[in-house]
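First comes the structure, then the notes that go with it.
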Amino acid sequence: TRALVAALRTLVEQIKVLTEQIGKQLAGHADAHIFTSLPRSGTVRAARLLAEIGDCRARFPTPESLACLAGVAPSTRQSGKARSVGFRWAADKQLRDAVTDFAGDSRHVNPWAADLYNRAVARGHDHPHAVRILARAWLFVIWHCWQDNLAYEPDKHGALQRLISHQQRAA
């Protein structure tokens, strides 16, 4: 038990050092304000999103291209009259993991994200599918913030403001 405690203490110290280094690197990046402004992004999660998406804006000319690479957009296969829509297996799995991790946690603090997730679950989607639906919506928001070089501001997020005003009218 003492050996495990000693190993855990060493790991905790290493995690603190790495988190500080990540924070310093993130603070020095030109796009840090975009990714740190997202709800519950935190330092490490914001750095991971930034690292996976990158800083070359020309790489993703549309938000759909980013969503497809992240694997959160459905894949449509069609042959003749037969058409099927399913999970996108060909994707950047690290990017998908980073985006779905962020999206899954954002629903706990953002009413728009919670509503989108809850509506997906109500339509019969399981948790991973509902999180991918939410991640796709967040990627559209992130892409626009990233292209315009603007931090995410809940006050300017139209869908969030419509939901809040609808909830206030209902109350």
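Just so you know, all these numbers are worked out from the coordinates, no wet-lab data involved. Here the structure is a predicted model, which is why all the values come from computation and not from measurement. Please note: Cβ atoms are built from the backbone with ideal geometry, for glycine as well, and neighbour counts cover all protein chains shown.
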Cα convex hull volume per residue for the chain (Å³):
182
Got a sec? Charge dipole of region 2-170, +1 on Cβ for Lys and Arg, -1 for Asp and Glu; which of Q167, A130, G86 is way out at the positive end?
G86
Under 14 Å, Cβ to Cβ, from K16 - net charge with Lys/Arg +1 and Asp/Glu -1
0
Report, to the nearest 10°, how far helix 127-148 tilts away from the longest principal axis of the Cα atoms in the chain, using its own Cα long axis and a range of 0 to 90°.
80
Mean Cβ-within-10 Å packing, highest first, puts peptides 112-121, 44-53, 78-87, 16-25 in the order 44-53, 112-121, 16-25, 78-87
Could you tell me how many degrees, from 0 to 90 and to the nearest 10, lie between the Cα long axis of helix 2-27 and the main elongation axis, the longest principal axis, of the Cα atoms of the chain?
60
Points 7 angstrom from Cα along the Cβ direction at K16 and A58: gap in nanometres?
4.5
Could you tell me how many degrees, from 0 to 90 and to the nearest 10, lie between the Cα long axis of helix 93-106 and the main elongation axis, the longest principal axis, of the Cα atoms of the chain?
90
Separation of the R83 and V121 label points, Cα + 7 Å toward Cβ, nm:
3.1
If packing is taken as the average count of other Cβ atoms within 10 Å, what order do 34-42, 99-107 fall into, highest mean first?
99-107, 34-42
Residues other than A103 with Cβ under 9 Å of its Cβ, Lys/Arg counted +1 and Asp/Glu -1, net out at +1
With +1 at each Lys and Arg Cβ and -1 at each Asp and Glu Cβ, the charge dipole magnitude of the chain around its Cα centre, to the nearest 20 debye, comes out at 580
